[in-house]
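Accompanying notes for the structure given below.
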Amino acid sequence: MVRFDPPAPEAGVTARRLGAGDAAGYRELRLEGLAGHPEAFGASWEDEAARPLAWFAERLERNALFGGWVGGGVDLTGVAGLLVPDAPKLSHKGVLWGMYVRPSARRTGLAAALLARVLEHARGVVEEVRLTVVSSNAAAVRLYEAAGFETYGVERRALKVAGRYHDETLMALRFDTPDRAGGPPLGKG
Ligand SMILES: CC(C)(COP(=O)(O)OP(=O)(O)OC[C@H]1O[C@@H](n2cnc3c(N)ncnc32)[C@H](O)[C@@H]1OP(=O)(O)O)[C@@H](O)C(=O)NCCC(=O)NCCS
């Protein structure tokens, strides 16, 4: 099992959980990410651009999303979230999703700080975090590997964007948890 000790945030980088009051900044940043990097997300700009501000506020209220800023700026410049399935048989696994850092804030340590906040939160609510990343996305893959994520599979042609296929790498980070192998056997189906 992998143990991840989050790095100390770099100077000038702050990250915190977002709430409904952050909806306007989150909407702008999210749509910028979807428009600029359609191959990096399963969601599409066309779907979310049509949503009202209240839809983004509700997403922030219902989900654990973390936002980040650099250099004391007021504009939200990065975001990442953790999704935990409601279904009892799946709720031990969280999904890291929606990771986006504005180009002006890249290579600042903000992405690692956001990831550290998500994992800090995840450690208290799930046993393992999974994610999917387009295999050609070198910066994201390196970011996740540095945090301890390991590749457990590749889905060929996972996304089709503007007629082009993209493979996705499936990654997981398991937290130290008590051995549950002694639990009752699972029935079939
Ligand atoms: C993915 C993303 C959040 C990473 O943030 P970043 O600030 O660009 O990356 P970092 O500076 O933290 O770099 C992470 C690692 O990748 C490396 N890296 C950064 N840019 C790179 C590039 N273009 N090519 C190759 N490696 C790169 C860094 O050197 C670092 O590796 P190291 O720790 O071994 O030095 C950001 O690029 C982004 O928002 N991209 C668009 C959306 C996206 O792809 N989201 C991920 C969806 S799964």
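Going by C-beta contacts inside 10 Å, put S135, S44 in order with the fewest on the left.
Arranged by neighbour count, lowest to highest, S135, S44 become S44, S135.
Quick check for me: using +1 on Lys/Arg Cβ and -1 on Asp/Glu Cβ, what's the dipole size of segment 1-148 about its Cα centre, in debye to the nearest 20?
260
Relative contact order for the chain using alpha-carbon pairs under 8 Å, separation at least 6, rounded to a whole percent? If you can, show how the numbers build up before the last one.
Details: 325 pairs, mean separation 43.4, N = 189.
Computed over the chain, the figure is 23 percent.
Which angle from 0 to 90°, rounded to the nearest 10, does the C-alpha axis of helix 23-36 make with the longest principal axis of the chain?
Helix 23-36 sits roughly 80 degrees off the main axis of the chain.
Ignoring everything except DSSP H segments at least 4 long, calculate the 222 nm mean residue ellipticity for the chain; use -39,500 (n - 2.57) per segment, divide by total residues, nearest 500.
On the way: 5 runs with 54 residues, N = 189.
Dividing the helical sum by the residues of the chain leaves -8500 deg cm²/dmol.
With r as the distance between the Cβ atoms of A158 and K89 and R0 = 22 Å, compute the FRET efficiency 1/(1 + (r/R0)^6) and round to 0.05.
0.40
Output the 0 to 90 degree angle, nearest 10, between the alpha-carbon long axis of helix 53-62 and the longest principal axis computed from the alpha carbons of the chain.
So the helix axis and the longest Cα principal axis differ by about 30 degrees.
Using a/c under 1.5 as the rounded threshold, could you call segment 1-117 rounded, prolate or oblate? The axes a ≥ b ≥ c are square roots of the C-alpha gyration tensor eigenvalues, and prolate needs a/b larger than b/c, oblate otherwise. It would help to have the intermediate numbers written out before the result.
Working: a/c = 1.56, a/b = 1.04, b/c = 1.50.
Cα axes put segment 1-117 in the oblate bin.
Read the figures in this text as sums done on the coordinates, not as results from a lab. Since the structure is predicted, the reported quantities are computational estimates derived from the model, not experimental observations. All Cβ positions, even for glycine, are placed from backbone atoms using ideal geometry, and neighbour counts span all protein chains on display.
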